[in-house]
Amino acid sequence: MLNLMINGLATGMLIFLLAAGLTLIFGLMDVLNFAHGGLFAWGAYSGVWVYGMTGSFVMAIVGALLTGIILGYVTERFIIQPVYGNHVQQILITLGLMLVLSEMLKVVFGPNQIVASPPDYLSGSWQLGDVVIIKYRAFIILIGVLVFALVHYVLKNTKIGLTVRAGVMNKEMVQALGINIKKVFMLVFMIGSAMAALGGVLLAPYSGVIYAEMGMDFAILAFIVVVIGGMGNFVGSLFAAMLIGLSGAFMTYYVPDLSLAVNMLLMAVVLVVKPQGLFGAKG
Amino acid sequence: MTTLLEVNDIQTYIGQYHILQGVSFQVKKGEVTVLLGRNGAGKTTSLRSIMGLTPITEGQIMLNGTNISKLGTYQIANKGIGFVPEDQGIFGELTVEENMKIAMQKQDEATLNRLDKMLTLFPDLKTYWKKQGGYLSGGQKQMLSIARAYLNKNELLLIDEPSKGLAPIVVEKVMESIMEMKDETTIVLVEQNFRMAMGVGDTYYIIDDGRSVETGNMQELADNEELKRKYLGIA
Ligand SMILES: Nc1ncnc2c1ncn2[C@@H]1O[C@H](COP(=O)(O)OP(=O)(O)OP(=O)(O)O)[C@@H](O)[C@H]1O
Ligand SMILES: [Mg+2]
């Protein structure tokens, strides 16, 4: 039971890392970014590569973050900027980018799956009475909580955070107050991409193997989370990700065939009952 | 008196609609210039065009002799123009304090003094300092929007129908604030409430069907029954 829960929370955290960027990007910039999962995969590959080169898991995380930031910058500047305000073009171009990103992974790192494992100090588990806690899962949860707390603090307490929240509500007014919202967009995009890449590199030792299309599977879950949590709602995305992670863990255990269907069902129910998402405040 | 803002035969499209078809007016430094005209005449669009929110396709908008019509909205704001939009533009999920903080370009003494002045003028803002903007009453939102625009050292304030939907006593309050601000900044005011327009305005322009059609001294308009009937629907 408890193990299933930890499992679910850890998966939830990974989904959260992906969904948080997605929800901010959608809420603030009104951009549907289907390439977000690609950044997740790139984070995993670049992190695993750095890990192999340096033997340091910390460096692997740094490498993944850098990859996310750089790819995020390039994507925003050259792919997203030309298609602001046009959803159809956004879907087409980011889906295209998604394919390019995963093909590029195969070109650079080879077409086969790559095996990944946690560093020694995060391998194994703790035994607390009857309960076995796998260290690496606890580590993922911890990192997730830290990232959430950090981003939440920034959103709540800094001027840039205020600007992001205000931008989700009323972009015109933010600009009329003298703020260059394009710069804010760029920053949010880069941070969101870095979080996705972090999710990717954390997933690698958790699932044990990485493959070029790994982003897709998680991106679908992340989109469900964005809808359930309320588009643009950061706190909502955490709760929704936990919900999806937990329900996934329990369903896979008890009725494995239905686990994706249940997520879809959850989303459908939320859309019917509260179309703006569980935490969505704006109409 | 010198001209601060010159709007010169501007044309604005919204989507395929040709909304402004030649609006021109001049705003003298230190004055309150009032834009009048019936509903749908193009007053709001004129202000939004100055802010670059509905960019013009022809004509010029000159601030202190430089053309600002090609600039982005944030650059226009940073030239020293504060904006109080028709819908007040309050960030509903941010507190009153945060709504102010996001606008504050500097934290210098002059800014804090202006903040103080506004909180004295509108004590409600102080009372509800930590309340979310979305929960303020219509009048309080208007006060917040005005205070927020006044916070920075702006040369020009564009204020769109501040009396809309407000009780007479709150209208008085808003009028008072405009009189106070008038000492330090130039103001363009869109106003349907004729009493308020008379009370604070120096020069008027009438906009009708997307064109500026009449101008003059506010005092003269008070006696010009024909103009008032023709364009403003008041006898
Ligand atoms: N987004 C839009 N799309 C299409 N037409 C618009 C849009 N916004 C305004 N208009 C039209 O432009 C014209 C001018 O509108 P505007 O809001 O500038 O009028 P106004 O003088 O401010 O009126 P009011 O006194 O009612 O506020 C109106 O006919 C309006 O229907
Ligand atoms: Mg209007």
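Key figures
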quantity: So residue B:141, is it more than 16 Å from ligand 1 (Cβ to nearest atom), of a type in the set (Lys, Arg), under 24 Å from residue B:76 (Cα atoms) and assigned to a helix (DSSP H, G or I); calculated: yes
quantity: Complete set of residues in segment B:158-178 that are farther than 22 Å from residue B:39 by Cβ and either open to solvent by 80 Å² or more (accessible area, probe 1.4 Å) or within 16 Å of ligand 2 (Cβ to nearest atom) (or both); calculated: B:169, B:172, B:176
quantity: Any chance residue B:187 is within 16 Å of ligand 2 (Cβ to nearest atom), more than 14 Å from every other protein chain (Cβ to nearest Cβ), at pLDDT 95 or above and not in a helix (DSSP H, G or I); calculated: no
quantity: Meets criteria (within 21 Å of residue B:218 (Cβ to Cβ), within 16 Å of ligand 2 (Cβ to nearest atom) and in a strand (DSSP E or B)) for residue B:34; calculated: yes
quantity: So residue B:83, is it in a strand (DSSP E or B) and either open to solvent by less than 60 Å² (accessible area, probe 1.4 Å) or in contact with a Lys or Arg (Cβ under 7 Å, 6 or more places away or on another chain) (or both); calculated: yes
quantity: Yes/no for residue A:120 being open to solvent by 70 Å² or more (accessible area, probe 1.4 Å) and closer than 20 Å to residue A:53 by Cα; calculated: yes
quantity: Condition check for residue A:253: in contact (Cβ under 8 Å) with a residue 24 or more places away in the chain, open to solvent by 80 Å² or more (accessible area, probe 1.4 Å) and out of contact with any strand residue (DSSP E or B) (no Cβ under 8 Å at 6 or more places or on another chain); calculated: yes
quantity: Segment A:149-177 - residue that is more than 9 Å from chain B (Cβ to nearest Cβ), among the hydrophobic types (A, V, I, L, M, F, W, C) and out of contact with any Lys or Arg (no Cβ under 8 Å at 6 or more places or on another chain) and, of those, most open to solvent (accessible area, probe 1.4 Å); calculated: A:150
quantity: Residue match in segment A:132-148 (condition: under 19 Å from the mean Cα position of the chain (by Cα) and either among the acidic types (Asp, Glu) or open to solvent by 90 Å² or more (accessible area, probe 1.4 Å) (or both)); calculated: yes
quantity: Number of the condition not met by residue A:204 [criteria: (1) touching a helix residue (DSSP H, G or I) at 6+ places or on another chain (Cβ under 6 Å); (2) away from chain B (no Cβ under 14 Å); (3) surrounded by fewer than 24 Cβ atoms within 10 Å (Cβ to Cβ)]; calculated: (3)
quantity: Residue tally, condition at the interface with chain A (Cβ under 10 Å from one of its Cβ atoms) and either exposed (fewer than 13 other Cβ atoms within 10 Å of the Cβ) or assigned to a loop (DSSP other than H, G, I, E, B) (or both), over segment B:89-134; calculated: 8
quantity: Extreme residue, farthest from the chain's Cα centre (by Cα), among residues of segment B:50-68 that are within 16 Å of ligand 2 (Cβ to nearest atom) and in contact (Cβ under 8 Å) with a residue 40 or more places away in the chain; calculated: B:54
quantity: Segment B:23-55 - residue that is more than 13 Å from ligand 1 (Cβ to nearest atom) and open to solvent by 10 Å² or more (accessible area, probe 1.4 Å) and, of those, nearest to the other protein chains (Cβ to nearest Cβ); calculated: B:52
quantity: Filtered residues of segment B:190-214 (kept if part of a strand (DSSP E or B) and away from ligand 1 (no atom under 16 Å from the Cβ)); calculated: B:203
quantity: Single condition residue B:73 does not satisfy, out of (1) away from every other protein chain (no Cβ under 14 Å); (2) surrounded by 20 or more Cβ atoms within 10 Å (Cβ to Cβ); calculated: (1)
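For every residue, the table says whether it meets (1) among the basic types (Lys, Arg); (2) at pLDDT below 85; (3) open to solvent by 40 Å² or more (accessible area, probe 1.4 Å).
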| site | (1), (2), (3) |
| --- | --- |
| A:230 | no, no, no |
| A:235 | no, no, yes |
| A:240 | no, no, no |
| A:246 | no, no, yes |
| A:258 | no, yes, yes |
| A:265 | no, yes, yes |
| A:269 | no, yes, yes |
| A:280 | no, yes, no |
| A:283 | no, yes, yes |
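The values are calculated or read from the model by the stated rules, or taken from the named source; none is laboratory data. Owing to the predicted nature of the structure, the values given are computational and were not obtained by experimental measurement. Glycine gets a Cβ as well: all are built from the backbone with ideal geometry, and neighbour counts include every protein chain shown. Heads up: the accessible areas ignore ligands, DNA and RNA and are worked out on the full protein's heavy atoms, side chains in. Shrake-Rupley method; radii C 1.70, N 1.55, O 1.52, S 1.80 Å.
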